[in-house]
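Written out below as structure tokens is the structure these notes cover.
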Amino acid sequence: MSEHEYVPKSKAAKWFNDRLPLLTLGAHLTDYPTPKNLNYWWTFGGILTFCLITQIVTGIVLAMHYVAHADLAFASVEHIMRDVNYGWLIRYIHSNGASMFFLAVYIHIFRSLFYGSYKSPREVIWIIGLMIYLLMMAAAFMGYVLPWGQMSFWGATVITNLFSAIPLVGDSITTWLWGAYSVDNPTLNRFFSLHYLIPFLILGLVVLHIWALHVPGNNNPVGIDIKKPSKDTVPFHPYITIKDAFALLVFMIIFAGFVFFTPNVLGHSDNYIPANPLVTPAHIVPEWYLLPFYAILRSVPDKLGGVILMFSAIFILFVLPWLDTSKVRSAVFRPIYRQFFWILVIDVLMLGYVGAMPAEGVYLVLARVGTIYYFLHFIVVMPVVGYLEKTDPIPMSISEPVLSGGAEPSIARKVDDKV
Amino acid sequence: MSKEEKKVNRRDFLFTASYTVGAVGLGAVIWPMIDQMNPDKAQQALATTEVDISSIEPGKSITVLWRGKPIFIKKRTSEEIAEARAVKLDDLPDPQKDEDRVKEGKDEWLVMLGVCTHLGCVPLKDKGDFNGWFCPCHGSHYDVSGRIRKGPAPTNMEIPKFEFVNSNTIKIG
């Protein structure tokens, strides 16, 4: 943290800054000392901010043309696609933007898992981040309902019916969510209202997320605290801004690739059929970013059990900082945990794959194995490995292995290789 | 000492009274905000529907919409009724006699909510391992009485409130 007091140069700026220290905040954000060894996995915070703003801007524009009524919604989306000037572009950015948002957030979350960014003193950053992730899922789900196609309608039916698994009050809660006796116009109307609200809640949480980040400062690939700010850090601007900007450009190229060349590849063709409450599509599949949780839901042959397990899969992440018993943050120095980390990555990808497949035969077996490992990883592997693992020696400071080579060159080289 | 005690008690009373009145007031404001999301009068007005069943052949079924949900109306053949009644209650995850799912004397008419009790999909007719319905979403099998036999659904398909207005018409709701 830069501790020097910022003083604006001009008299007018000083007058304003004394009354509302926005310029001091700006100076803090510009000078913010950032570990100099951050790699490209650290650029996804900036990318996610870009994603949020893109969704808000395109969403506000779409809301100018969309009609939230069961009889008109589907036609109004087609109206956006065919009649509104550049409507196709704005809608494709918004719909693919949701997928890009989740792609970035998953990389961001697994970055945290690998480098131990959720550990002390950064637990609150992690928890706020998970709250953002939960709100993102709610916003994405409700947004998917708005076009009022077959997948919209039946996706909404299946997800809202999850709440009917709650004993005693389940059915009342479901009816209350619907505002009718099935998913119907009142449901669509309130989903639109909430879909518009949630991004702004996320924006507020993002401010808290960054604020909480700026208290301890960034974690970094070697996972050790900053020893000497003058040696271990660089100012956020221009060093990190330029790195973030480069990563963002690469990300935008991939984003544009989806928007312009395969805008529907991540969606489901059934959603171009208007909602029909009498016919359920043969395979109801959620959007790709929810598939691992869907696989967990379906792996349990009991309604309430499946729902409980699915929600637990998310909520277990909230206590992760206390399940991980290792004092070493970065997996670079944790030879055993590092292997389990990659097993978890493969496990989640596999759950995503079987979530898209029919729940039968070998897929059901894989879903069950994957679900069991997912929970074992957090409940057993993380506490036990943290105790038993013999970690590699960690460097003295961020700059030491790089600049001087340190007292033990062998350690330095080891660190250098992995990072 | 006693003077101080008295002072504290008076203050405690004021705090408790304020919090109580505040909580009641807050609740009175919050409840309308919550209840507005429940089905409105227009939705409740759709609560009954009358269906003409005279044209349904034995062994066939029709689907009608009631409260936004499909209702299956099936005229069962005597073999199907016999099959449904031959099932042992011990074989059912949600034991219920077929006799309890139909109106007495109108045993051929099965009127039920065509909604899978798992997560609300519409099951497909004449499919599945039990000659009844099969839900494609998560693989629940129902028998010819609409009772759950296999799969994740917890209960039998629901029988709505209905009555025979005359021999050709039923009123649902």
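The values are calculated or read from the model by the stated rules, or taken from the named source; none is laboratory data. On a predicted model such as this, the values are computed, not experimentally measured, just so you know. Here the Cβ is made from the backbone with ideal geometry for all residues, glycine too, and neighbour counts use every protein chain on show. Note: areas computed on protein heavy atoms with side chains; ligands, DNA, RNA excluded. Shrake-Rupley method; radii C 1.70, N 1.55, O 1.52, S 1.80 Å.
Results for (1) more than 20 Å from residue A:360 (Cβ to Cβ); (2) within 11 Å of chain A (Cβ to nearest Cβ); (3) open to solvent by less than 20 Å² (accessible area, probe 1.4 Å), shown as yes or no for each residue.
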| position | (1), (2), (3) |
| --- | --- |
| B:71 | yes, yes, yes |
| B:78 | yes, no, no |
| B:95 | yes, no, no |
| B:98 | yes, no, yes |
| B:103 | yes, no, no |
| B:117 | no, yes, no |
| B:135 | no, yes, yes |
| B:151 | no, yes, no |
| B:171 | yes, no, no |
Which one of A:106, A:133 is of a type in the set (Ser, Thr, Tyr), away from chain B (no Cβ under 14 Å) and open to solvent by less than 40 Å² (accessible area, probe 1.4 Å)?
A:133
For residue B:34, state whether it is open to solvent by less than 70 Å² (accessible area, probe 1.4 Å) and touching a residue at least 24 places away in the same chain (Cβ under 8 Å).
no
If only one of B:55, B:145 is open to solvent by less than 80 Å² (accessible area, probe 1.4 Å), assigned to a loop (DSSP other than H, G, I, E, B) and not aromatic (Phe, Trp, Tyr), which one is it?
B:145
Only one of A:259, A:250 is in a helix (DSSP H, G or I), open to solvent by 20 Å² or more (accessible area, probe 1.4 Å) and either away from every other protein chain (no Cβ under 14 Å) or modelled with pLDDT of 95 or more (or both); which?
A:250
Of the residues B:23, B:84, B:42, which is in contact with a strand residue (DSSP E or B) (Cβ under 7 Å, 6 or more places away or on another chain) and assigned to a helix (DSSP H, G or I)?
B:84
In the stretch A:335-380, which residues are within 14 Å of chain B (Cβ to nearest Cβ), touching a residue at least 40 places away in the same chain (Cβ under 8 Å) and surrounded by fewer than 17 Cβ atoms within 10 Å (Cβ to Cβ)?
A:356, A:358
Within the group A:50, A:44, A:74, which residue is assigned by TED's automatic domain parsing to the domain that holds residue A:129 and touching a strand residue (DSSP E or B) at 6+ places or on another chain (Cβ under 9 Å)?
A:74
Residue under question is residue A:275, and the condition is that it be open to solvent by less than 50 Å² (accessible area, probe 1.4 Å), more than 19 Å from the chain's Cα centre (by Cα) and under 24 Å from residue A:138 (Cβ atoms); does it hold?
yes
From the options A:49, A:58, residue that is surrounded by fewer than 19 Cβ atoms within 10 Å (Cβ to Cβ), touching a Gly at 6+ places or on another chain (Cβ under 7 Å) and in contact (Cβ under 8 Å) with a residue 24 or more places away in the chain:
A:58
Condition set under 15 Å from residue A:303 (Cα atoms) and not hydrophobic (A, V, I, L, M, F, W, C), scope the stretch A:158-173, selection surrounded by the most Cβ atoms within 10 Å (Cβ to Cβ): answer is A:161
Condition check: open to solvent by less than 60 Å² (accessible area, probe 1.4 Å), under 27 Å from residue A:153 (Cα atoms) and more than 11 Å from every other protein chain (Cβ to nearest Cβ). Does residue B:139 satisfy that?
no
Among the residues of the stretch A:222-245, is any under 18 Å from the mean Cα position of the chain (by Cα), open to solvent by less than 70 Å² (accessible area, probe 1.4 Å) and more than 14 Å from chain B (Cβ to nearest Cβ)?
yes
Would the stretch A:187-194 turn up any residue that is assigned to a helix (DSSP H, G or I), touching a helix residue (DSSP H, G or I) at 6+ places or on another chain (Cβ under 6 Å), assigned by TED's automatic domain parsing to the domain that holds residue A:65 and surrounded by fewer than 22 Cβ atoms within 10 Å (Cβ to Cβ)?
yes
Set A:240, A:198, A:224: member being over 27 Å from residue A:65 (Cβ atoms) and part of a helix (DSSP H, G or I):
A:240
Do the conditions hold for residue A:177, that is, is it open to solvent by 20 Å² or more (accessible area, probe 1.4 Å) and either at pLDDT 95 or above or not assigned by TED's automatic domain parsing to the domain that holds residue A:298 (or both)?
yes
Residue A:37 fails exactly one of (1) within 24 Å of the chain's Cα centre (by Cα); (2) assigned to a helix (DSSP H, G or I); (3) crowded, with 18+ Cβ neighbours inside 10 Å; (4) of a type outside the set (A, V, I, L, M), namely (2)
When you go through A:285, A:265 one by one, which is the residue that is within 30 Å of residue A:44 (Cβ to Cβ), within 14 Å of another protein chain (Cβ to nearest Cβ) and not in a helix (DSSP H, G or I)?
A:285
In the stretch A:40-68, which residue that is among the aromatic types (Phe, Trp, Tyr) and within 28 Å of residue A:143 (Cα to Cα) is farthest from the chain's Cα centre (by Cα)?
A:66
Test of understanding: among A:297, A:304, A:278, which residue is within 11 Å of chain B (Cβ to nearest Cβ), part of a loop (DSSP other than H, G, I, E, B) and closer than 26 Å to residue B:114 by Cα?
A:278
